[in-house]
Amino acid sequence: MYSRSILSGLLATLLSLQASAVDVTRNPGLVAQLDTAATQLDRLALLPTDSQWTFDFTAQPSYTFAPGSVVNANAATFPAAVDNGLTLAMINLGPCSMLPPHYHPRGSNYVVAISGNTTTYMVEENGARTVTSVLTPGKMTIFPSASIHTMVNTG
């Protein structure tokens, strides 16, 4: 078991590398309209086809299994997610690889394990304890909005 100071130092070092996956808003006009729609009926009118309510992780430009990838379904990449307050991520981490520490300032991040073993670390704010979860197939965790989190493939 690592001490809190070692984990905190590791997180600080990794954060200083500023490695990140950045989602570019694909349809900013539609996202703005959805964000300001007065009613859910107005939102539905802006997303009139059933296909606009389905997100295909495998069809995204950054999707790959070798060496790994992170694909996010969120307001930037999937307009139907606007104002739902979450990011759902499909993460493919190669053996012994790590997703650098990062945070999502506007929504919670839900992570579900499909295969393998992944250890996650999360800190919600200064002074909070580090929450560690070991995800095996079928298990999930949540990273609340603005919490710093990282994941390591331990398989």
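The values are calculated or read from the model by the stated rules, or taken from the named source; none is laboratory data. This is a predicted model, so every value here is computed, not measured. Cβ: placed from backbone, ideal geometry, glycine included. Neighbour counts: every protein chain shown.
Listed by first and then second residue, the pairs with beta-carbon distance under 7 Å, at least 6 apart or on different chains, first residue in the range 77-103 and under 13 Å from residue 60 (Cβ atoms), second crowded, with 17+ Cβ neighbours inside 10 Å and of a type in the set (Asp, Glu), are 77/23.
Table: residues versus (1) in contact with a strand residue (DSSP E or B) (Cβ under 8 Å, 6 or more places away or on another chain); (2) at pLDDT below 90; (3) surrounded by fewer than 17 Cβ atoms within 10 Å (Cβ to Cβ); (4) not basic (Lys, Arg).
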position: 43; (1), (2), (3), (4): no, no, no, no
position: 64; (1), (2), (3), (4): yes, yes, yes, yes
position: 72; (1), (2), (3), (4): yes, yes, no, yes
position: 76; (1), (2), (3), (4): no, no, no, yes
position: 81; (1), (2), (3), (4): yes, no, no, yes
position: 85; (1), (2), (3), (4): yes, yes, yes, yes
position: 112; (1), (2), (3), (4): yes, yes, yes, yes
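Among the residues that make up the range 116-129, is at least one of them surrounded by 14 or more Cβ atoms within 10 Å (Cβ to Cβ), in contact with a helix residue (DSSP H, G or I) (Cβ under 6 Å, 6 or more places away or on another chain) and at pLDDT below 90? Looking through the range 116-129, none of the residues is surrounded by 14 or more Cβ atoms within 10 Å (Cβ to Cβ), in contact with a helix residue (DSSP H, G or I) (Cβ under 6 Å, 6 or more places away or on another chain) and at pLDDT below 90. Output yes when any residue across the range 89-102 is under 22 Å from residue 138 (Cα atoms), in contact with a Phe, Trp or Tyr (Cβ under 7 Å, 6 or more places away or on another chain), surrounded by 13 or more Cβ atoms within 10 Å (Cβ to Cβ) and at pLDDT below 90, and no when none is. Yes, the range 89-102 has at least one match. Scanning the range 131-144 for residues that are of a type in the set (Ser, Thr, Tyr) and surrounded by fewer than 16 Cβ atoms within 10 Å (Cβ to Cβ) yields a count of 2. Residues in the range 4-22 include none that are part of a helix (DSSP H, G or I), among the small types (Gly, Ala, Ser) and at pLDDT 95 or above.
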